[in-house]
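What follows is a short report on a single structure.
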Amino acid sequence: MLRDITLGQYYQTESKLHELDPRTKLVGTFVYLISLFVFTNAYVYIFAASFLLLCVLISHIPPTYMIKGMKPIIFLLVFTMVLNMLVTPGEVILTLWKLTITKEGVKQALYMGARLTLLVMGSNMMTLTTTPTRLTNGLERLMAPLKLIKVPVHEIAMMMSIALRFIPILMDETDRIMKAQLARGADFESGNLIKKAKSLVPVLVPLFISAFRRANDLAMAMEARCYHGGKGRTQMKPLKYRPRDFVAYLILILYLAGIILIGRYL
Amino acid sequence: MAGDKKKIKLIADHISFEYDKSGANRHKALDDVSFVVNEGEFVGLIGHTGSGKSTLMQQLNALLKPDKGTIYYDGLDIYEKGYDRKELRRRVGLVFQYPEHQLFEDTVFNEVCFGPKNFGMDKKQSELSAYAAIKKVGLPDECFYHSPFDLSGGQKRRVAIASVLAVKPEILIMDEPTAGLDPKGREELMEMILSLKESEGLSIVLVSHSMEDVAKLADRIVVMDKGHIVYDDEPKKVFAHYKELEEMGLAAPEMMYVMQELKAAGFNVRTDVTDIEEAKEEILRIVT
Ligand SMILES: Nc1ncnc2c1ncn2[C@@H]1O[C@H](COP(=O)(O)OP(=O)(O)OP(=O)(O)O)[C@@H](O)[C@H]1O
Ligand SMILES: [Mg+2]
């Protein structure tokens, strides 16, 4: 039921992208996302899309799998596009009852659609090729300078990795509890909104209890292993930049230069 | 039991099922499984961890839909258009692994009423049926208005079982009901299950890791391995394959090994003995 969501999940396979340092991928994704917002220009989007396609090819992730990952945002995507089409003023090309579609609106909608799609796929690319542990690890290292201004960087990273770790567990648990209540005749589909909301009580109560139980167990286990925060903690596999990361940064700079050139002069 | 004609309640007909149909590492949780439950029969289902037992159980009351094959209940295809699958879930009661994790109501009594109410019994009927079910699982009267969360693990499990019994199922499926209970709790629970079969004429499917339990209670044992059914026969015949069972990470009841050893040591004993009483008689027979 809930397992169809691919957004933000790690896809296990071997590729050059999987091997990259998580910091490289974080910076790369960040730069990529920014690059989508700097220019509004069809050529820029084509260039950005080709770059993403290249990454998909390198990553050995089946393109169909990438497309499936878009499912959760389809509604948002269509909604934004339609809205843009209808509210942008300009040269009218079609009038339906009180709604007018303008040429500028269509253009705007296409840009928005392309931007959103690339945005989600770009960030998916990162989470699909990086395990959550490495991701938070990379984030912790990138944010390390913030420690100087007393930001609890390690704690934030730890919270993130625990949360990420627990999402699939809690999804499984929800699935199991829902099935168990279905077996006792619960009905999650029929009825009006209030009835539907009420029917979730038999799922939410056990779910919360189990979440608290798990949190408690985890805290106990961490305590038992003498976890006491980030101070003086070392890592088994510290992150280290390798030659391939420098190549990746170089490609990123070239990409950025390409975007700027295209955005400026086309 | 063997020999006499039984009415067939439920048929799983060539079922295949796969959980993750798009992921990177696909494998079939069930592969062409066929399986029958007769009226009033006690079926034991054993298999190594991950062999697909729980998956199969969820097919039987339409919580999971098979990719291939279908289920017949009382002669009707449950995936036929217009078949009332909710009513099916009433008739085929399923007690999940660790059922105490689904409790949510404020009192034991309300918890047990949840099922009957969902299946459309009126208040009075639900309460009567809940009362009877709580009695059947042997919970003491003073528990009725306690919060289910204040009970012990074993008692919680009884509440969960009662909440399924209260809907008056015709087949009761239990997925490892004794997991995580102490020996006394297990014993009591197994006795309760046996009494259910005898007093209610319920068909029971019991998933278990305890060979002794299934050997003692079941009329028939089904063995699963990697999504296939490997054996489906009377307990003694199934346990005669103890070598193959061991290869699947299972084992025969302890007593069989004792008898094997005795036989190897030159005593002329039967080796198809499954419980300690039988073993005692057999040993006494040869020493006297
Ligand atoms: N919700 C699920 N999503 C994906 N795969 C699952 C799910 N549940 C079970 N599986 C897989 O299906 C296979 C069969 O699992 P199942 O739970 O039926 O085994 P089991 O025989 O009940 O094991 P156990 O004795 O541990 O309860 C396993 O390989 C398991 O990994
Ligand atoms: Mg199981």
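Does B:ASP213 satisfy the criteria of being touching a residue at least 40 places away in the same chain (Cβ under 8 Å), open to solvent by 20 Å² or more (accessible area, probe 1.4 Å) and either outside the structural domain of B:ASN38 (by TED's automatic domain parsing) or within 16 Å of ligand 2 (Cβ to nearest atom) (or both)? Don't jump to the end; show me each part of the working.
Working: touching a residue at least 40 places away in the same chain (Cβ under 8 Å): yes; open to solvent by 20 Å² or more (accessible area, probe 1.4 Å): yes; either outside the structural domain of B:ASN38 (by TED's automatic domain parsing) or within 16 Å of ligand 2 (Cβ to nearest atom) (or both): yes.
Yes.
If you take the residues of segment B:116-131 that are outside any helix (DSSP H, G or I) and more than 21 Å from A:ARG176 (Cα to Cα), which of them is farthest from the other protein chains (Cβ to nearest Cβ)? Full working, then the answer.
First pass over segment B:116-131, keeping only residues outside any helix (DSSP H, G or I): B:119-122.
Of the ones still in play, those that are also more than 21 Å from A:ARG176 (Cα to Cα) are B:120-122.
Working: B:GLY120: 8, B:MET121: 10, B:ASP122: 14 Å.
Of everything passing the filter in segment B:116-131, B:ASP122 is farthest from the other protein chains (Cβ to nearest Cβ).
Cβ-Cβ below 9 Å, separation at least six or inter-chain, first residue in segment B:165-182 and at positive phi, second within 13 Å of ligand 2 (Cβ to nearest atom) and open to solvent by less than 10 Å² (accessible area, probe 1.4 Å): which pairs?
B:GLU176/B:LEU206; B:GLU176/B:VAL207; B:GLU176/B:SER208
Output the residue which, of all residues in segment B:20-32 that are at pLDDT below 90 and within 14 Å of another protein chain (Cβ to nearest Cβ), is nearest to B:MET190 (Cα to Cα).
Our first condition is that a residue be at pLDDT below 90; within segment B:20-32, this holds for B:20-28.
From what's left, within 14 Å of another protein chain (Cβ to nearest Cβ): B:20-26.
Values: B:ASP20: 35, B:LYS21: 38, B:SER22: 41, B:GLY23: 40, B:ALA24: 41, B:ASN25: 38, B:ARG26: 37 Å.
Checking each candidate, the answer is B:ASP20.
Just checking, how many residues over segment B:33-86 are away from ligand 2 (no atom under 16 Å from the Cβ) and either within 14 Å of chain A (Cβ to nearest Cβ) or farther than 25 Å from B:GLU191 by Cα (or both)?
The total comes to 24.
For (1) more than 16 Å from ligand 1 (Cβ to nearest atom); (2) within 14 Å of another protein chain (Cβ to nearest Cβ); (3) open to solvent by less than 80 Å² (accessible area, probe 1.4 Å), each residue gets a yes or a no:
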{"residue": "A:ILE149", "(1), (2), (3)": "yes, no, no"}
{"residue": "A:HIS154", "(1), (2), (3)": "yes, no, yes"}
{"residue": "A:ALA157", "(1), (2), (3)": "yes, no, yes"}
{"residue": "A:ASP172", "(1), (2), (3)": "no, yes, yes"}
{"residue": "A:ASP175", "(1), (2), (3)": "no, yes, yes"}
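Assess whether B:ILE134 counts as being free of Cβ contacts under 8 Å to residues at least 40 places away in the same chain and more than 14 Å from chain A (Cβ to nearest Cβ). Break it down into steps so the answer makes sense when it comes.
Working: free of Cβ contacts under 8 Å to residues at least 40 places away in the same chain: yes; more than 14 Å from chain A (Cβ to nearest Cβ): yes.
Against the criterion (free of Cβ contacts under 8 Å to residues at least 40 places away in the same chain and more than 14 Å from chain A (Cβ to nearest Cβ)), B:ILE134 qualifies.
Just the residues that are assigned to a helix (DSSP H, G or I) and touching an Asp or Glu at 6+ places or on another chain (Cβ under 8 Å), please, taken from segment A:74-115. Steps first, answer last, please.
The first filter runs over segment A:74-115 and keeps only residues assigned to a helix (DSSP H, G or I), leaving A:74-87, A:103-115.
Answer for segment A:74-115, where residues must be assigned to a helix (DSSP H, G or I) and touching an Asp or Glu at 6+ places or on another chain (Cβ under 8 Å): A:LYS103, A:GLU104.
Within segment B:53-66, can one find any residue that is away from ligand 1 (no atom under 16 Å from the Cβ), at pLDDT 90 or above and on the phi < 0 side of the Ramachandran plot?
Scanning segment B:53-66 turns up no residue that is away from ligand 1 (no atom under 16 Å from the Cβ), at pLDDT 90 or above and on the phi < 0 side of the Ramachandran plot.
Report, by residue number, each residue of segment B:72-100 that is open to solvent by less than 20 Å² (accessible area, probe 1.4 Å) and away from ligand 1 (no atom under 16 Å from the Cβ).
Listed by number, the residues that qualify are B:TYR73, B:ILE78, B:LEU88, B:VAL92, B:GLY93.
Does A:LEU17 satisfy the criteria of being part of a helix (DSSP H, G or I) and in contact with a Cys (Cβ under 8 Å, 6 or more places away or on another chain)?
yes
Being in a loop (DSSP other than H, G, I, E, B) and within 11 Å of chain B (Cβ to nearest Cβ) is the filter; apply it to segment A:189-240 and report the residue that is least open to solvent (accessible area, probe 1.4 Å). Quick ask: steps written out before the conclusion?
Of all residues in segment A:189-240, those in a loop (DSSP other than H, G, I, E, B) come to A:189-192, A:200, A:225-240.
Those left that are additionally within 11 Å of chain B (Cβ to nearest Cβ): A:189-190, A:200.
On the way: A:GLU189: 151, A:SER190: 52, A:LEU200: 73 Å².
My answer is A:SER190.
Could you tell me which numbered condition B:LEU103 fails, if it satisfies all but one of (1) buried (at least 22 other Cβ atoms within 10 Å of the Cβ); (2) within 16 Å of ligand 1 (Cβ to nearest atom)?
With (1) buried (at least 22 other Cβ atoms within 10 Å of the Cβ); (2) within 16 Å of ligand 1 (Cβ to nearest atom) applied to B:LEU103, the lone miss is (2).
Select, from A:LEU118, A:LEU99, the only residue that is within 12 Å of the chain's Cα centre (by Cα) and either over 17 Å from A:VAL38 (Cα atoms) or not aromatic (Phe, Trp, Tyr) (or both).
Matching residue, one of A:LEU118, A:LEU99: A:LEU118.
Hey, can you tell me all the residues within segment B:216-233 that are among the acidic types (Asp, Glu) and either under 19 Å from B:MET190 (Cβ atoms) or not assigned by TED's automatic domain parsing to the domain that holds B:SER34 (or both)?
B:ASP219 - this is the single residue of segment B:216-233 that is among the acidic types (Asp, Glu) and either under 19 Å from B:MET190 (Cβ atoms) or not assigned by TED's automatic domain parsing to the domain that holds B:SER34 (or both).
For segment B:98-115, what are the residues that are in contact (Cβ under 8 Å) with a residue 40 or more places away in the chain, facing chain A (nearest Cβ under 8 Å) and either part of a helix (DSSP H, G or I) or farther than 12 Å from A:PRO202 by Cα (or both)?
Correct list: B:PRO99, B:GLN102, B:PHE114, B:GLY115.
Assuming A:ILE67 fulfils every condition listed in (1) within 14 Å of chain B (Cβ to nearest Cβ); (2) modelled with pLDDT under 85; (3) within 15 Å of the chain's Cα centre (by Cα) apart from one, which condition is it?
Result: A:ILE67 fails condition (2) only.
Filter segment B:163-191 for residues that are more than 17 Å from B:GLY138 (Cβ to Cβ) and of a type in the set (A, V, I, L, M, F, W, C) and give the result. It would help to see each step written out before you state the result.
First pass over segment B:163-191, keeping only residues more than 17 Å from B:GLY138 (Cβ to Cβ): B:167-171, B:173, B:175-176, B:179-180.
B:VAL167, B:ILE171, B:ILE173, B:ALA179, listed by residue number.
Please enumerate the residues belonging to segment A:27-62 that are open to solvent by less than 30 Å² (accessible area, probe 1.4 Å) and under 20 Å from A:LEU239 (Cα atoms).
A:GLY28, A:THR29
The values are calculated or read from the model by the stated rules, or taken from the named source; none is laboratory data. Predicted, not measured: the structure shown is a model, and the values here were computed from it. Virtual Cβ from ideal backbone geometry, glycine too; neighbours counted across all protein chains shown. Remember, those area values only see protein heavy atoms, side chains included, never the ligands or the DNA or RNA. Shrake-Rupley method; radii C 1.70, N 1.55, O 1.52, S 1.80 Å.
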